[in-house]
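The values are calculated or read from the model by the stated rules, or taken from the named source; none is laboratory data. These numbers were taken from a predicted model, which means no experiment stands behind them. In this analysis, Cβ positions are derived from the backbone assuming ideal geometry, glycine residues included, and neighbour counts consider all displayed protein chains. For the accessible areas, the whole protein counts, side chains as well, though only heavy atoms, and no ligand, DNA or RNA atoms are used. Shrake-Rupley method; radii C 1.70, N 1.55, O 1.52, S 1.80 Å.
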Amino acid sequence: METRGKADRVLDRLGLAIVGGRYAAGDRLPTEDELARKFGVSRPSLREGLKALARKGLVESRTRRGTIALARDRWDQL
């Protein structure tokens, strides 16, 4: 259950950064290690948060490119 709470923290904070314009469409997000340190969570918790953001259409993970912020027209309701 603790992982879910930490994943929610990533979902909320990173989601707000994307929606707020910190990352533009096509921008690559920092690495998993950097994001995990920034949010004070483990990589598994971070990945859960990133998966939730992907389900909402805010990000997409791409092999060898990392996690990319998507355009507003791809976003679902927050």
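Please indicate, with yes or no, whether at least one residue in segment 55-71 is open to solvent by 50 Å² or more (accessible area, probe 1.4 Å) and within 18 Å of residue 12 (Cβ to Cβ). Yes; the residues of segment 55-71 include at least one that is open to solvent by 50 Å² or more (accessible area, probe 1.4 Å) and within 18 Å of residue 12 (Cβ to Cβ). For residue 16, all conditions in the list (1) in a helix (DSSP H, G or I); (2) touching a helix residue (DSSP H, G or I) at 6+ places or on another chain (Cβ under 8 Å) hold save one; what is the number of the exception? Of the numbered conditions (1) in a helix (DSSP H, G or I); (2) touching a helix residue (DSSP H, G or I) at 6+ places or on another chain (Cβ under 8 Å), the odd one out for residue 16 is (2). What number of residues in segment 20-34 are surrounded by 14 or more Cβ atoms within 10 Å (Cβ to Cβ) and either at pLDDT 95 or above or farther than 19 Å from residue 5 by Cα (or both)? Number satisfying all stated conditions: 3.
Taking segment 38-74 as the range and being touching a residue at least 40 places away in the same chain (Cβ under 8 Å) and in a loop (DSSP other than H, G, I, E, B) as the test, the residues that pass are 56, 58, 70, 71.
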